[in-house]
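The values are calculated or read from the model by the stated rules, or taken from the named source; none is laboratory data. Since the model is a prediction, treat every value here as computed from it, not as a measurement. Counting neighbours? That spans all protein chains shown, and the Cβs are built from the backbone with ideal geometry, glycine included. Only protein heavy atoms, including side chains, enter the accessible area calculation; ligands, DNA and RNA are left aside. Shrake-Rupley method; radii C 1.70, N 1.55, O 1.52, S 1.80 Å.
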Amino acid sequence: MSTRPEALSNPLTNRGTAFTREERAKLGLTGRLPAAVETLAEQAARSYAQLTSYATPMEQYVFLDQLHSRNEVLYYRLLADHLAELLPVVYDPTVGEAIKKWSRDYRRSRAIYLSIDHPEDIRASFATLGLGPDDVDLIVVSDAEEILGIGDWGVNGTDISVGKLAVYTAAAGIHPERTIAVNLDCGTNNEALLNDPAYLGNRHSRIRGQRYDDLIAAYLRVASELFPNALLHFEDFGPSNARRILVENADTYRIFNDDMQGTGAIVMASVFSALKVTKQTFADQRLIIFGAGTAGTGMADQIHAAMVRDGLGAEEAKARVWLIDINGLVTDDMSDLPDYQQAYARPAGEVTGWARPDGKIRLLEVVRQVKPTILIGTSTDHNAFTQEVIEAAAAGVERPLILPLSNPTERIEAMPDDVIAWTKGKALVATGIPVDPVTYDGVTYTIGQGNNALLYPGLGLGTIISGARHVTDGMLLAAAEAVASQVDPTALGASLLPPVDNLRASSATVALAVARQAATDGVATTTHPDLVQAVQDAMWQPVYPKTLPKG
């Protein structure tokens with residue numbers, strides 16, 4: 001029976017045709033590879049040619065996934081060389097399509113699966129990796145209840161954790177051997193999955209309540225005990241759990257929720273840039289969030305924190321935030337408000353005279369009454385920012401910041417070309433999708449994309465380098481300011497955010513700012529004589545190491 005040598009079968013050590021003749025002889029690979037000996041650059045060029053021969057993003061996703069399973073260095077070299085182009089392939093939006101087909105197309109597992117039916121297996125599951133307490137920097141976990149706007153996908157959501165780690169490595173150089181992807185299989189309420197014979201997850205409805213809370217508590221306890229230096233990243237948890245888990249555990253564990261904190265921080269970067277144009281402070285802002293889920297309220301939390309930092313009292317800052325959900329303006333007389341909305345519910349007596357034609361105080365009325373300086377859309381309600389709404393926003397302030405952040409394109413609240421035309425070029429605009437520049441009245445407006453990849457990889461790297469015990473509000477603000485510092489938004493039509501073309505350099509800038517802020521906030525546990533060099537040294541490069549793997 002033939003065997004495949006470890007040097008070829010392990011994607012962390014496989015170099016394929018880059019093994020020299022001498023290396024092939026030492027590792028028992030003689031005759032197992034074609035005669036040509038290639039450089040990594042030549043391999044990457046061939047792989048890119050193969051990739052671009054596929055017609056659809058999904059076919060490209062599968063090709064990259066298979067390459068990832070064969071040769072990690074080559075996979076990450078390809079990503080690093082073409083990161084802006086390939087981000088939408090390895091992550092959003094293509095990963096959403098891959099998740100829908102994950103069980104039927106199952107190829108290889110590179111994650112740990114923790115079942116709510118067997119919480120006693122958590123420690124044993126991590127033990128199968130053979131990793132020690134100093135071997136792990138980052139763990140990304142998801143229970144896949146709220147995947148990228150497509151909902152509950154159970155164990156199929158595994159590739160969310162895998163894809164997130166790929167971006168961390170490609171953008172910030174987090175070493176792939178020092179990361180773990182985790183799926184929490186709590187069941188699913190997706191009937192199509194439960195009735196699909198190919199589905200690979202637990203075949204029961206999603207478990208909630210005490211059993212769920214016990215699983216989260218056990219995961220946090222065991223993961224932090226086994227890997228005390230790891231940042232515990234939470235991704236795509238449902239709205240009833242995401243904020244609650246973060247609030248209850250942020251002071252105890254090194255925890256980060258990208259949907260709330262990362263999205264909030266990238267919005268903060270847009271606001272920092274906008275304030276350079278308007279010459280205002282956070283204390284001057286009036287904020288409307290249209291779409292008051294966990295992401296929207298996470299943005300409110302961070303803007304509220306910045307208002308307080310700029311001199312407002314906590315209650316005074318809350319009085320400058322208005323949330324709107326499917327039931328209209330969120331007020332304190334509404335029943336069964338989620339915990340994440342309660343802090344910002346407006347007093348019912350404050351709005352007694354406001355128009356409510358269908359019994360609900362709608363967006364247009366709130367804009368007319370509030371005259372917001374910032375209007376953010378996270379609703380997935382396509383075209384909700386109508387011409388009337390946008391014109392009302394522009395009538396209220398000189399340079400309104402309009403952020404229609406929902407994605408994909410068919411869910412965005414308004415397209416930037418309309419926003420700019422309706423405000424006669426006055427609006428400052430960024431979006432959640434990539435958008436071509438807009439020309440209006442002879443001026444070309446570059447539209448920044450609020451892509452979390454501009455921020456969370458560097459935030460993670462800075463947290464790891466500093467050994468921060470917690471991710472503080474100050475670290476999030478520092479990350480946002482570092483992103484905003486990479487552009488000059490003051491010229492007419494300039495972007496509020498940097499492009500994703502050079503994420504490695506952007507991530508290094510963010511990591512440096514975050515590590516410095518961790519020290520300022522008193523949560524850093526590691527110091528470096530030269531922090532700039534420490535950031536560079538910590539960034540893993542996709543190159544073949546000089547030492548040979550074991551045969």
- Answer yes if at least one residue in the stretch 267-274 is hydroxyl-bearing (S, T, Y) and open to solvent by less than 10 Å² (accessible area, probe 1.4 Å), and no otherwise. yes
- Is it true that some residue in the stretch 179-195 is farther than 13 Å from H233 by Cα, of a type in the set (S, T, N, Q) and in a helix (DSSP H, G or I)? no
- Identify all residues within the stretch 219-244 that are over 16 Å from G157 (Cβ atoms), crowded, with 16+ Cβ neighbours inside 10 Å and modelled with pLDDT of 95 or more; write none if there are none. L220, V222, A223, S224, L226, F227, N229, A230, L231, L232
- Message: Can you pull out every residue in the stretch 63-77 that is at pLDDT below 95 and farther than 17 Å from A111 by Cα?
- Response: none
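One line per residue, one yes/no per condition, for (1) open to solvent by 80 Å² or more (accessible area, probe 1.4 Å); (2) in a helix (DSSP H, G or I):
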residue	(1), (2)
T3	yes, no
P11	no, no
N14	no, no
R46	yes, yes
L78	no, yes
A84	no, yes
P88	no, yes
D92	no, no
Y113	no, no
- Task: Filter the stretch 94-109 down to the residues that are open to solvent by 60 Å² or more (accessible area, probe 1.4 Å) and assigned to a loop (DSSP other than H, G, I, E, B), then identify the one that is nearest to T409 (Cα to Cα).
- Result: K101
- Query: What number of residues within the stretch 406-451 are acidic (D, E) and buried (at least 21 other Cβ atoms within 10 Å of the Cβ)?
  - Reply: 1
- Return the total of residues in the stretch 300-329 being on the phi > 0 side of the Ramachandran plot and assigned to a loop (DSSP other than H, G, I, E, B). 1
- Query: Does the stretch 341-356 contain at least one residue that is closer than 16 Å to T423 by Cβ and basic (K, R)?
  - Reply: no
- How many residues does the stretch 253-266 contain that are closer than 16 Å to A300 by Cβ and either open to solvent by 10 Å² or more (accessible area, probe 1.4 Å) or not small (G, A, S) (or both)? 6
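So, in the stretch 48-74, exactly how many residues are in a helix (DSSP H, G or I), among the hydroxyl-bearing types (S, T, Y) and more than 16 Å from N10 (Cβ to Cβ)?
Within the stretch 48-74, residues that are in a helix (DSSP H, G or I), among the hydroxyl-bearing types (S, T, Y) and more than 16 Å from N10 (Cβ to Cβ) number 3.
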- Task: Consider only pairs whose beta carbons are under 9 Å apart and that are at least six residues apart or on different chains; among these, list those whose first residue lies in the stretch 22-47 and is within 18 Å of E72 (Cβ to Cβ) and whose second residue is surrounded by fewer than 11 Cβ atoms within 10 Å (Cβ to Cβ) and charged (D, E, K, R).
- Result: L27/K550
- Query: Are there any pairs, at least 6 apart or on different chains, whose C-beta atoms fall under 9 Å, with the first in the stretch 432-445 and on the phi > 0 side of the Ramachandran plot and the second of a type outside the set (V, I, T) and exposed (fewer than 12 other Cβ atoms within 10 Å of the Cβ), and if so, which?
  - Reply: D441/K424
- Any idea which residue in the stretch 329-350 is nearest to S240 (Cα to Cα), counting only those that are without any contact (Cβ under 8 Å) to a residue 60 or more places away in the chain and in contact with a helix residue (DSSP H, G or I) (Cβ under 8 Å, 6 or more places away or on another chain)? Q341
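Which one of these is open to solvent by less than 70 Å² (accessible area, probe 1.4 Å), more than 23 Å from the chain's Cα centre (by Cα) and either hydrophobic (A, V, I, L, M, F, W, C) or under 17 Å from G458 (Cα atoms) (or both): A505, A519, A482?
Within the list A505, A519, A482, the selection yields A519.
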